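A short write-up of the structure that comes next.
The values are calculated or read from the model by the stated rules, or taken from the named source; none is laboratory data. Remember, predicted model here, so these are calculated numbers, not experimental data. Every residue, glycine among them, receives a Cβ derived from its backbone with ideal geometry; neighbour counts consider all protein chains shown.
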């Protein structure tokens with residue numbers, strides 16, 4: 001029996017015993033986690049989700065938290081006063097071993113859900129889940145928490161980008177001012193900013209505003 005699961009924006013075809021490198025999960029080595037986004041189950045009876053297979057899950061044991069191979073990013077601008085910059089990035093990954101594929105009963109298994117590790121902790125995500133279910137049908141606008149800075153003061157940041165930053169746990173200029181090159185690359189990829197952070201100079205602006 002095999003399954004096609006989705007995690008970290010990627011799809012994986014897995015069988016029991018397979019070892020995978022997936023986007024970093026909020027779990028420690030030795031823990032068991034469950035992937036609940038199952039797109040397809042194959043074997044004697046093939047089941048295709050619409051888009052997910054109801055009540056199905058894939059359980060895995062976390063082996064270790066690792067880093068991928070270094071990726072070199074080189075930028076050169078062809079101008080009279082040309083400039084060039086080289087930087088490296090190693091993606092944070094989690095090594096897991098598939099232990100079980102559940103065609104049914106995943107909702108009642110009691111196994112911790114596989115949640116991606118970002119600025120928001122897994123505990124915070126789980127704590128927010130009941131609140132989402134109890135929320136009215138019309139979703140209210142995301143409001144900045146008490147003590148948060150007005151991130152729209154940054155160049156190119158409107159309500160939509162501010163909402164993305166707040167949802168990722170970024171609420172103050174001091175946080176942005178402390179970003180390293182690795183942090184910039186991570187947020188750029190995770191929030192699909194497409195180089196906007198460096199292009200608009202958010203870190204330098206945040207240092208002045210903090």
Being out of contact with any helix residue (DSSP H, G or I) (no Cβ under 7 Å at 6 or more places or on another chain) and surrounded by 15 or more Cβ atoms within 10 Å (Cβ to Cβ) narrows it down to one of 14, 48, 19, so name that one. 14
Look through segment 200-210, keep the residues that are at negative phi and touching a residue at least 12 places away in the same chain (Cβ under 8 Å), and return whichever of them is surrounded by the most Cβ atoms within 10 Å (Cβ to Cβ). 202
Restricting attention to segment 9-40, report how many residues are within 20 Å of the chain's Cα centre (by Cα), assigned to a loop (DSSP other than H, G, I, E, B) and without any contact (Cβ under 8 Å) to a residue 60 or more places away in the chain. 4
Does residue 6 meet the test of being surrounded by 12 or more Cβ atoms within 10 Å (Cβ to Cβ) and within 21 Å of the chain's Cα centre (by Cα)? yes
Considering only segment 41-59, state which residues are in a strand (DSSP E or B) and either modelled with pLDDT of 95 or more or within 14 Å of residue 104 (Cβ to Cβ) (or both). 41, 47, 57, 58, 59
It is to be established whether one or more residues within segment 110-123 are modelled with pLDDT of 80 or more and surrounded by fewer than 16 Cβ atoms within 10 Å (Cβ to Cβ). yes
Regarding residue 56, is this residue surrounded by 10 or more Cβ atoms within 10 Å (Cβ to Cβ), under 19 Å from the mean Cα position of the chain (by Cα) and in contact (Cβ under 8 Å) with a residue 40 or more places away in the chain? no
Matching option when the condition is part of a strand (DSSP E or B), without any contact (Cβ under 8 Å) to a residue 12 or more places away in the chain and in contact with a strand residue (DSSP E or B) (Cβ under 7 Å, 6 or more places away or on another chain), among 87, 76: 76
